[in-house]
Amino acid sequence: MSVDQRPKADEVADADSHSPQAHWRTVVHAITGWAIWQHPTARVVAVVFSALLMGLVISVPLDLQGQILFSLGSFAAALLLSKTPGRLSTLAMIVLSISASSRYIYWRFTDTIGFTHWMDAAFGYGLVLAELYAFAVLLIGYFQTAWPLQRRPVPMPADVSTWPSVDVFIPSYNEPLEVVRQTVFSAMSLDWPQDRLHVYVLDDGRRTEFREFCEELGVGYLIRDNNHHAKAGNINAALKVTHSDYIAIFDCDHIPTRSFLQVCMGWFFKDTNLVMLQTPHVFFSPDPFERNLDTFHRMPNEGELFYGIVQDGNDLWNASFFCGSCAIIRRKELLEVGGIAVETVTEDAHTALKLSRLGYNTAYLEVPQAAGLATESLSGHVGQRIRWARGMAQIARTDNPLFGKGLHFGQRLCYLNAMLHFFYGLPRLVFLTAPLAYLFFGAHVFQASALMITAYALPHLAHASVTNSRIQGRFRHSFWNEVYESVLAWYIMRPVLVAAINPKLGKFNVTAKGGVIEKAYFDWTIARPYVVLLLINLVGMAVGVWKLFSSAGDETTTLVINMVWTVYNIILLGASVAVASETRQIRGTPRVAASLPAVIRFENGRTLVCKTEDFSQHGLGLAVPPDVDIPMGSRLAVSLFRSDEEGVFPAIVTFSGKGRLGVKFDNLSLHQQAELASLTFARADAWIATWGTGQRDKPLRSLKSVIVIGLRGMGQLTATAFKSLKPLKSR
Amino acid sequence: MKVVAVVSAKGGVGKTTLTANLATALQHQGAPTVLVVDLDPQNALGLHFGADPGALAGVSRASLSGDSWGSVCQQSPSGVHVLPYGVVNEADRMAFERHLEANPDWLALQLQGLDLPPDALVFIDTPPGPSAYMQQALTAAQVVVVVNLPDAASYAALALMQRLVHTYCTPRPDFAGTLHVLNQADGARQLSKDITRVMQDSLGDRLIGVIHEDQAVREALAYDQSVLEYDTHGQAADDLRKCAQVLAQRLGLPLAGAAR
């Protein structure tokens, strides 16, 4: 089921009704329950009074001492609130954070930009604009994520004859059949009336083996005579020749669980104006960040924030959008907006925007009901993010959600943030280089004393950090956002800017999946921008140290602040470099860790009850008693179970030792492969266990992990550099 | 005292093996007192508990000669109390069976006479199909366990067993119900899978266990061991342990120790 996003304090309050947390909750409930809040006048008065107070807090000038005292009080209140349960505390923390940040920005504009030198002005205004961007994204982000809707599944009506017909579309272009098979098998085993379930493979590659595979299984196979508009065009062509009431779309490497339709479809009965329902994208293989940094299932990945919090927050505002896969759309309304949008390369979000403009509802159900392969290599990952960024910029240019008909304010803001988010490239690069302006050129980007800057900027950053940690703790760890952004910043900056200038420029790129990285290597090409930035920052640091000992004088504080900032940037860039160090990936097909009951049947008729450790479409890892001796190469049959269902699969032992057994399936028939899929990848609970259940964020621990990885990255870079220098020397 | 009659409409379903293994499993799992009574002239139950194949004593002889059951009771290494059928000649067997026909309550009275503690568990093994022995067992039982194979014949015979249970058990107030076990299931054979499915659907929670076909069951008997000890990690052993747990739960039987 979906993840309960309540902070830890709520669990404490639930467990012990005498705890201070529980007491706090009682008091808050009593106050919010006052009848006076129901009175419109009281509400207006409260809002006006609060707004005036907020204006005062933001704009009142204070000297250094006053600002420090004020900030300390405010931050202490935030820390205290973070220990209390309830969404009202979260909202209060957001208000504190907004006031600290607004105060900083107000002070920044009124007190720090009286530049006298042209160089100071050039660097200074650049930084101010970048900060303004970050401030805007922070504010809209709070708006978007303050109150995740946390929708729960609605049960299907008991009368099965009322269930609608569904076409399952599995578009593919150049992915190997190997990858697509599992998706088709699982789609076929969806628990739904068989006369109303139609599975189609939409093959834009027009491959014979795909056609034969589909014919043998008896699933639909659709092709067209061109590849216009890529995936969007592919789906639109299929819409013309299919007829069911609903379309479920799965990328060819997203394997649905058999319960997908029954879990998702209930909402369409409850809300007849609902036309699109999206579920999370979950990956059973590590993405390049997770693989190269070894954080798989230990740290929330880049995508988890979006599916864990952002989409759920959007849902409150009826602004959750279609993400191209693992979703259901109603045919009639999809046709009304002309099918899947083809004007931009993020056709999914754009289609949802068009549906919202016509007044239809969209929904997000945070229950993982499908899982897929993450992009294999960093370059592939970067390529995919470039496409998203370019597409969002295209929508911002051609169909800006701020303007045009049909959207309410909340929807406009949520869509705006979805687009604005991808403009982080340039501001991030500005932050990564800003202190260098002072270290190299002596530019004073702030026209204020170093201590004043600290007294204003630190509360702004600290409040944002603790508040976001509370909101996002399960799905994004503090400081990791900066690592992800630093890696991608350089790459998405250009396409976004190009698309913002001319939305027509650019090409759709398909992400390659299911590959093998045969040898560990350092991806110099993709790492080049951060290596360069890292070197510049290191030089800047050296210059700083030199200045500190030679000529700092009365600017020591300024110098130190800039150096601290540079150290932080060096850590981020070091971590980015670490991501580019591609770890060897041994298996062509990823294995999914899962402990499932299994039974081995040997050729002599004896049996062994055991558990799986992992599964893939080609084999199993099994945990067996350590004293059992099973020779390599022996043939056996492995049974897997789902409640009272049993599947038996012939296999050969490929590894044996110390309580572990590796087996490879032996010549499974198509029927057996489909059965295997239904007992492994398509299990209803397959992906729920690992969703949002990792460690909660602790900002300081998280900072430490980023530092460690940053150092590791610099170590790897040095080692690689030495290695590549050696052959030159020996020549 | 709870009396469980283990019955089947047709032969060769592994009733005796199942009785022996369920009794041993429950003893392992901490059931206080477990007694098995062999009412099958094949006299095979004792073998599963390590009895001497040549031994003559048993309930048949004891009853004919008027000896007490206690004098023929043995205890297996695992602690199960065993009452074998014993070896009798044909004339004695027929005399014994006539005696049973004339006294339908014979078994029930004998068991009561043993004065077993209230948490004692008694399994009665019977020959296949309707017989004087099965009638005795059904008359004495609080719970009937029907053993089936995953084949069409077993499925077809369900109705016959139902009628017999109706005749001898259902009218009694202390009768708790009929449970089923599916023996020698094989997930690799489609027919076995299909019939397993049909039985699961039609019997619901009255089906308390599916025991898989396992070579270790046959080997265990040859090695004079219960399959639970002979192949403790095997599938049949695992299925039997699970089945025993479900049975104990349905009987409301407290299990003292953890499963071995």
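Just checking, how many residues over the range A:602-620 are polar (S, T, N, Q), within 12 Å of another protein chain (Cβ to nearest Cβ) and surrounded by 18 or more Cβ atoms within 10 Å (Cβ to Cβ)?
Filtering the range A:602-620 down to residues polar (S, T, N, Q) leaves A:604, A:607, A:612, A:616-617.
Pick out the ones that are also within 12 Å of another protein chain (Cβ to nearest Cβ) and you get A:604, A:607.
Within this subset, residues satisfying the condition of being surrounded by 18 or more Cβ atoms within 10 Å (Cβ to Cβ) are A:607.
The number of residues fulfilling the criteria is 1.
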Self-check item: Test for residue A:663: is it away from chain B (no Cβ under 12 Å), closer than 27 Å to residue A:177 by Cα and surrounded by 15 or more Cβ atoms within 10 Å (Cβ to Cβ)
Solution: yes
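When you scan the range A:177-193, how many residues do you find that are in contact (Cβ under 8 Å) with a residue 60 or more places away in the chain and either in a helix (DSSP H, G or I) or small (Gly, Ala, Ser) (or both)? Before you say what the answer is, go through the steps one by one.
Filtering the range A:177-193 down to residues in contact (Cβ under 8 Å) with a residue 60 or more places away in the chain leaves A:178-183, A:185-192.
From what's left, either in a helix (DSSP H, G or I) or small (Gly, Ala, Ser) (or both): A:178-183, A:185-189.
Going through the range A:177-193 one residue at a time, the tally reaches 11.
For the range B:24-137, which helices (runs of 4 or more DSSP H) that fit wholly inside it have 3 or more residues that are hydroxyl-bearing (Ser, Thr, Tyr)?
Working: elements: B:59-65, B:90-102, B:106-113.
Once the helices (runs of 4 or more DSSP H) in the range B:24-137 are filtered for at least 3 residues that are hydroxyl-bearing (Ser, Thr, Tyr), what remains is B:59-65.
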Exercise. Would you check if there is a residue in the range A:671-689 being touching a helix residue (DSSP H, G or I) at 6+ places or on another chain (Cβ under 7 Å) and either closer than 30 Å to residue A:479 by Cα or within 12 Å of another protein chain (Cβ to nearest Cβ) (or both)?
Key: no
Exercise. Check off (1) out of contact with any Ser or Thr (no Cβ under 7 Å at 6 or more places or on another chain); (2) surrounded by 18 or more Cβ atoms within 10 Å (Cβ to Cβ) for residue B:234 and give me the number that stays unchecked.
Key: (1)
Quiz item: Of all residues in the range A:144-182, how many are in contact with a strand residue (DSSP E or B) (Cβ under 8 Å, 6 or more places away or on another chain), surrounded by fewer than 21 Cβ atoms within 10 Å (Cβ to Cβ) and either acidic (Asp, Glu) or at pLDDT 95 or above (or both)?
Solution: 2
Exercise. Could you please find all residues in the range A:396-454 being aliphatic (A, V, I, L, M), surrounded by fewer than 18 Cβ atoms within 10 Å (Cβ to Cβ) and without any contact (Cβ under 8 Å) to a residue 40 or more places away in the chain?
Key: A:402
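Could you please find all residues in the range A:640-659 being more than 13 Å from every other protein chain (Cβ to nearest Cβ) and either closer than 23 Å to residue B:241 by Cα or aromatic (Phe, Trp, Tyr) (or both)? Give the steps one after another, and end with the answer.
So the first thing to find is which residues in the range A:640-659 are more than 13 Å from every other protein chain (Cβ to nearest Cβ), and the list is A:652-658.
Passing the criteria: only A:655.
From the list A:356, A:379, which residue is assigned to a helix (DSSP H, G or I) and either over 18 Å from the mean Cα position of the chain (by Cα) or crowded, with 22+ Cβ neighbours inside 10 Å (or both)? Let's see the steps before the verdict.
Values: A:379 fails: either over 18 Å from the mean Cα position of the chain (by Cα) or crowded, with 22+ Cβ neighbours inside 10 Å (or both).
Exactly one residue qualifies, and that residue is A:356.
Yes/no per residue for (1) loosely packed, with under 11 Cβ neighbours inside 10 Å; (2) within 30 Å of residue A:105 (Cα to Cα); (3) in the same structural domain as residue A:462 (by TED's automatic domain parsing):
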residue: A:24; (1), (2), (3): no, no, yes
residue: A:31; (1), (2), (3): yes, no, yes
residue: A:44; (1), (2), (3): yes, yes, yes
residue: A:67; (1), (2), (3): no, yes, yes
residue: A:71; (1), (2), (3): no, yes, yes
residue: A:74; (1), (2), (3): no, yes, yes
residue: A:80; (1), (2), (3): no, yes, yes
Exercise. From the list A:116, A:84, pick out the single residue that is surrounded by fewer than 18 Cβ atoms within 10 Å (Cβ to Cβ) and either part of a loop (DSSP other than H, G, I, E, B) or not assigned by TED's automatic domain parsing to the domain that holds residue A:471 (or both).
Key: A:116
Practice problem: Being within 22 Å of residue A:178 (Cβ to Cβ) and either within 12 Å of another protein chain (Cβ to nearest Cβ) or not hydroxyl-bearing (Ser, Thr, Tyr) (or both) narrows it down to one of A:593, A:623, A:598, A:637, so name that one. | Solution: A:593
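Out of the range B:147-181, which residues are hydrophobic (A, V, I, L, M, F, W, C) and surrounded by fewer than 21 Cβ atoms within 10 Å (Cβ to Cβ)?
Narrowing the range B:147-181 to residues hydrophobic (A, V, I, L, M, F, W, C): B:147, B:149, B:152-153, B:156-161, B:164-165, B:169, B:175-176, B:179, B:181.
Of everything in the range B:147-181, those that are hydrophobic (A, V, I, L, M, F, W, C) and surrounded by fewer than 21 Cβ atoms within 10 Å (Cβ to Cβ) turn out to be B:152, B:153, B:156, B:157, B:158, B:159, B:160, B:164, B:165, B:175, B:176.
Among the helices (runs of 4 or more DSSP H) confined wholly to the range B:173-260, which include 1 or more residues that are under 30 Å from residue B:52 (Cβ atoms), at pLDDT 90 or above and within 11 Å of chain A (Cβ to nearest Cβ)?
Working: elements: B:190-203, B:215-222, B:227-230, B:235-251.
Of the helices (runs of 4 or more DSSP H) lying wholly inside the range B:173-260, those with at least 1 residues that are under 30 Å from residue B:52 (Cβ atoms), at pLDDT 90 or above and within 11 Å of chain A (Cβ to nearest Cβ) span B:215-222, B:227-230, B:235-251.
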Self-check item: residue A:349 modelled with pLDDT of 95 or more and part of a strand (DSSP E or B)
Solution: no
Quiz item: Could you list, in sequence order, the residues of the range A:361-376 that are among the hydroxyl-bearing types (Ser, Thr, Tyr) and over 13 Å from residue A:280 (Cα atoms)?
Solution: A:362, A:375
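The values are calculated or read from the model by the stated rules, or taken from the named source; none is laboratory data. As the structure is a computational prediction, the values presented were derived from the model and not from experiment. Cβ: placed from backbone, ideal geometry, glycine included. Neighbour counts: every protein chain shown.
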